[in-house]
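For reference, the structure discussed in these notes is given below.
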Amino acid sequence: MKGPYSQVLSALNDGQNRNKLLTIASAVLLGALSVLVVNTLPVFLTVLGRTLSLSEAQAGYIALADMGGIAFGTICCAMLPSLIARIGWRRVAMAGVSLLIVGNILASQANSYPSLIAARTLAGTGAGISMAMVYAVLASGGHEARNLAMFNVIQLGSGAIGMQFLGAIASGWGAKGLFLLIAGISVLGYLFCLSLPRGARPLPASSPEDVFPHTDRISGPGWLAIASALLYFAGAGAIFGFLAYMGIAWGGEPATVESSLSIVLLAGMAGGVVAALVGSRLHFLRPLYVGYAILFISIVLFITIKPVGQFVLIGSLFGFGWNILTPFQFAAVTHADSSNSAAMLVNACTLGGIAIGPAIAGNFVTVDYALINIGSICACVASLILLLAALKWHTERAAA
């Protein structure tokens with residue numbers, strides 16, 4: 001069996017595979033750019049909280065606006081497959097990048113909290129539209145788990161770098177400068193869009209076993225698997241959104257905690273690398289169970305251990321488990337339902353969950369953040385149960 005590096009070298013020596021690899025790489029870079037705010041969310045929220053004098057609940061609603069906008073943009077694309085097919089993936093992605101840029105420019109000029117919420121929602125909607133096209137590309141042509149794992153590595157790397165500069169940028173230029181900088185960086189998205197397919201079609205398969213059938217109608221097992229993804233990201237997202245707040249509440253200095261979160265993202269990158277190396281070598285269930293187990297252990301440790309000395313270690317375990325789990329969860333959903341719409345809705349659930357989680361959690365903040373962590377682990381357990389039920393349902397339907 002070929003390893004991931006020999007597969008890449010083989011692709012470079014074949015014209016069709018080389019184009020496919022370029023398309024996947026462009027989609028990965030476009031996705032990383034589109035979710036820059038998502039991947040820096042813990043620091044992004046605390047920085048905005050300090051700069052704009054926002055409460056934790058208000059910061060949670062900023063997350064809801066951004067992530068909810070992304071979920072909305074993705075859902076619109078998933079529910080309008082015929083329109084997407086007529087316009088084409090490339091043009092739709094470019095439209096999303098345009099909205100992302102405009103939304104950030106408007107956020108820089110916002111003079112009230114409601115106008116800021118509206119601007120962040122618009123920026124999120126644009127990011128969601130472009131991300132829908134990214135997920136459609138990643139789910140095409142086979143190797144879904146490996147493609148998403150590679151995406152996770154790149155996006156977490158960009159997030160780790162971004163976290164190092166958000167505080168300094170906001171301190172020197174304020175929130176206005178931060179939003180304008182994001183708008184400027186987003187212009188690069190147009191370049192990445194150029195390598196996406198013009199039409200809405202699967203990428204060419206590199207081998208017969210890579211053939212990935214696509215339909216537009218989502219099945220019953222697909223909806224159940226999608227609901228599982230929403231529950232998971234709502235639970236895990238609640239913790240992710242308040243990581244910096246937790247570290248500070250347990251005695252850490254704000255600047256130190258925010259800087260250390262880049263280590264958490266690097267641990268997440270390591271999880272993504274492991275998932276990419278495993279790829280399709282194993283059936284998705286075994287690595288999926290491993291990811292869930294690591295995640296559950298980390299949340300239990302968050303509940304039982306509060307000293308700031310262990311914050312980075314436990315957070316890194318959390319990030320490592322998260323990024324082993326998500327690629328194989330994606331593979332499980334696309335196994336339960338092979339439609340392009342289902343693949344797009346995984347992204348909607350990802351960002352929708354990360355939007356809902358912090359927004360709800362912000363109203364249940366305690367001194368030790370125990371309620372947030374308990375609610376999160378309950379949501380993640382429920383998500384695993386739903387996903388297994390969806391896979392069983394799919395197997396029974398296929399055998400009938």
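The values are calculated or read from the model by the stated rules, or taken from the named source; none is laboratory data. Bear in mind that the values here come from a model prediction, so they are computed numbers and not experimental data. Heads up, the Cβs are rebuilt from the backbone with ideal geometry, glycines too, and the neighbour counts pull from every protein chain shown. When the accessible area is computed, the model is the full protein with side chains, heavy atoms only, and any ligands, DNA or RNA have been set aside. Shrake-Rupley method; radii C 1.70, N 1.55, O 1.52, S 1.80 Å.
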Is at least one residue of the stretch 325-332 more than 27 Å from ALA398 (Cα to Cα), buried (at least 23 other Cβ atoms within 10 Å of the Cβ) and of a type in the set (Val, Ile, Thr)?
-> no
Could you tell me whether any residue of the stretch 386-400 is open to solvent by 10 Å² or more (accessible area, probe 1.4 Å), touching a residue at least 60 places away in the same chain (Cβ under 8 Å), touching a His at 6+ places or on another chain (Cβ under 8 Å) and part of a helix (DSSP H, G or I)?
-> yes
Which pairs do you get when a residue that is of a type in the set (Asp, Glu), found in the stretch 57-84, comes within reach of a residue that is open to solvent by 30 Å² or more (accessible area, probe 1.4 Å) and not in a helix (DSSP H, G or I), reach meaning Cβ atoms under 6 angstrom, with the pair 6+ apart or on two chains?
-> none
Out of the residues in the stretch 87-98 that are under 19 Å from the mean Cα position of the chain (by Cα) and not β-branched (Val, Ile, Thr), state the one that is surrounded by the fewest Cβ atoms within 10 Å (Cβ to Cβ).
-> GLY96
Just one of (1) of a type outside the set (Lys, Arg); (2) open to solvent by 20 Å² or more (accessible area, probe 1.4 Å); (3) in contact (Cβ under 8 Å) with a residue 12 or more places away in the chain trips up PRO358, so point out which.
-> (2)
Among (1) assigned to a helix (DSSP H, G or I); (2) farther than 23 Å from ASN147 by Cβ; (3) open to solvent by 10 Å² or more (accessible area, probe 1.4 Å), THR366 falls short only on (1)
Tally the residues that are under 20 Å from the mean Cα position of the chain (by Cα) and modelled with pLDDT of 90 or more, restricting the search to the stretch 164-184.
-> 1
If we scan the stretch 97-112, do we find a residue that is among the small types (Gly, Ala, Ser), in a loop (DSSP other than H, G, I, E, B) and at positive phi?
-> no
Here are some residues: THR256, THR304. Which one is closer than 22 Å to GLY159 by Cα and either modelled with pLDDT under 90 or touching a helix residue (DSSP H, G or I) at 6+ places or on another chain (Cβ under 9 Å) (or both)?
-> THR256
Kindly check whether there is at least one residue in the stretch 285-296 that is open to solvent by 10 Å² or more (accessible area, probe 1.4 Å), at pLDDT below 80 and among the charged types (D, E, K, R).
-> no
Picking from ILE84, ILE161, the residue that is β-branched (Val, Ile, Thr), in a helix (DSSP H, G or I) and open to solvent by 30 Å² or more (accessible area, probe 1.4 Å) would be ILE161
Kindly state which helices (runs of 4 or more DSSP H) lie completely within the stretch 239-308 and contain at least 2 residues that are farther than 13 Å from ASP368 by Cα.
-> 254-278, 285-304
Output the qualifying pairs, or none if there are none: Cβ atoms under 6 angstrom, residues six or more apart or on different chains, first residue in the stretch 216-238 and in a loop (DSSP other than H, G, I, E, B), second residue surrounded by fewer than 20 Cβ atoms within 10 Å (Cβ to Cβ) and not aliphatic (A, V, I, L, M).
-> ASP216/PRO81
Would you check if LEU313 is part of a helix (DSSP H, G or I), over 28 Å from LEU391 (Cβ atoms), more than 17 Å from the chain's Cα centre (by Cα) and not polar (S, T, N, Q)?
-> yes
Condition test on THR256, is it β-branched (Val, Ile, Thr), open to solvent by 60 Å² or more (accessible area, probe 1.4 Å), over 18 Å from the mean Cα position of the chain (by Cα) and under 20 Å from THR40 (Cα atoms)?
-> yes
Conditions (1) at pLDDT below 85; (2) part of a helix (DSSP H, G or I); (3) under 22 Å from PHE192 (Cβ atoms); (4) not acidic (Asp, Glu): number failed by ARG50 = (3)
Please specify each residue of the stretch 364-385 satisfying the condition of being in contact (Cβ under 8 Å) with a residue 40 or more places away in the chain and of a type outside the set (Val, Ile, Thr).
-> ASP368, TYR369, ALA370, ASN373, GLY375, SER376, CYS378, ALA379, CYS380, ALA382, SER383, LEU384
Under 8 Å by Cβ, and 6 or more places apart or on different chains, what pairs join a residue from the stretch 30-54 that is farther than 16 Å from LEU138 by Cβ with one that is outside any helix (DSSP H, G or I) and of a type in the set (A, V, I, L, M)?
-> LEU48/LEU54
